[in-house]
Amino acid sequence: MADFPVTVVRNPNPDAGQVSSLRLGLATLAGKLDAALVALADQPLIGAGDINDLIGAYKKRPSGTEVVQPSVNGLPGNPVVFSQSVREAILQGQADVGCRQWQAAHPQQVFHWETSNTRYRTDVDTPEDIEALAQRTGHRLVWPAHLAQTA
C-alpha cells in the first residue's frame, strides 16, 4: 500500500461548530482534487471496505450529481463524497454553510445511495450510544489508559 501524506489540522475554535471544522479541513486540502470524502470521528465501525464501497458508488453515481450520501432504510448516513466543485462552493459560501447545507440547497445534485450497511448510520455521541453499540455488536469502546484520566 502506498503511503499518503497526512496533515493534521486542529480547529482553533471548535465551539464554532462542526461546519467550521469541515471548512478548515477542506481549505487545508492542497491542489485540485477529483473529490473529497468527509468522514465523522464518531463512527467506529466504518472500515476500509465501507470506504471502498462508497467510493465505488461515487464513481457510478448518476450524471449530474455531485454528492453521494449513503442512505440506510431511507435515512441519511456518513461518510459522504463530493466533487471538487462542491468543495469550492462550500469554501466560497458563507461561513455557516457546510455539506449538509449545500445538499439542502441543491437536492437534485445529491445521489442518495441506498445500502443495507448499517455501519453508515452507526455513531456514538453519548455514553448511552456506547453502551448500545456494545450490546448490539460486542464492541466496547474505552479510552486508552493514558487518556482516561483527561476524558
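In the chain, Cα pairs under 8 Å separated by at least six residues give a relative contact order of 25 percent. Distance distribution P(r), the range 1-84, all Cα-Cα pairs, bin width 5 angstrom from 0: 3, 11, 20, 24, 23, 13, 6, 1 percent. For the range 21-110, the set of trypsin sites (Lys or Arg not before Pro) satisfying both a DSSP loop assignment and a count of at most 16 other C-beta atoms within 10 Å is given as 32, 60.
Taking the C-alpha atoms only, the angle from helix 18-28 to the longest principal axis of the chain is near 60 degrees.
Over the range 1-41, the ratio between the Cα radius of gyration and 2.2 N^0.38 Å evaluates to 1.30. Between the amide H of residue 80 and those of 38, distances stay under 5 Å, these residues lying 5 or more places away or on another chain, with hydrogens modeled in the peptide plane. With both labels modelled 7 Å from their Cα along Cα-to-Cβ, the residue 9 to residue 137 distance reads 2.7 nm.
Working note: Debye formula, equal point scatterers on the alpha-carbon atoms of the chain, no solvent; log10 I(q)/I(0) at q = 0.09, 0.14, 0.16 Å⁻¹ is -0.33, -0.81, -1.04.
Here, each number is a calculation from the coordinates, and none is a lab measurement. What you see is a predicted model, and the numbers here were worked out from it, not measured in a lab. All Cβ positions, even for glycine, are placed from backbone atoms using ideal geometry, and neighbour counts span all protein chains on display.
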